[in-house]
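These notes are about the structure you will find just below.
Read-outs throughout are calculated quantities, based only on the coordinates presented, and are distinct from any laboratory measurement. The structure displayed is predicted, hence computed values, not measured ones. Please note: Cβ atoms are built from the backbone with ideal geometry, for glycine as well, and neighbour counts cover all protein chains shown.
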Amino acid sequence: MIELLQEYWRPFLFQDGSQITGLAMTLWLLSASIFFGFLMSIPLSIARVSTNVWVRWPVQFYTYLFRGTPLYIQLLICYTGIYSLAAVRAQPVLDAFF
């Protein structure tokens, strides 16, 4: 098994040396999401326990909205709902993305 990994580790991570395959992209997205999730969690958790109502309510609504709806519904809204906006379809980069 180790011999196979030593021989094929480069094609497993990179297709031709420059394009990233699924495994490398997944690991990169995992690290980026953990990093940004941690950075967002500290200020949001402090804001959620704040005594100021105008600071606490938006965070509670955000938490209620994203924890209360299934991930599949969120993905459908992001993919089809955002693409239905004319401003998104007018941008060539966003049009290609969606």
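Laid out as a table, the results:
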| read-out | value |
| --- | --- |
| Helix-only [θ]222 nm of the chain, DSSP H runs n ≥ 4, -39500 (n - 2.57) each, per residue, nearest 500 | -23000 deg cm²/dmol |
| Nearest-0.05 FRET efficiency for A87 and I42, computed from C-beta distance (R0 22 Å) | 0.10 |
| Spread of Cα-to-Cα distances over 10 Å intervals beginning at zero, given as percent, for region 54-98 | 25, 33, 31, 11 |
| Length-normalised contact order for the chain - Cα pairs under 8 Å, 6+ apart - percent | 9 percent |
| Alpha-carbon radius of gyration plus Dmax, which is the widest Cα pair, for the chain in Å | 20.0, 60 |
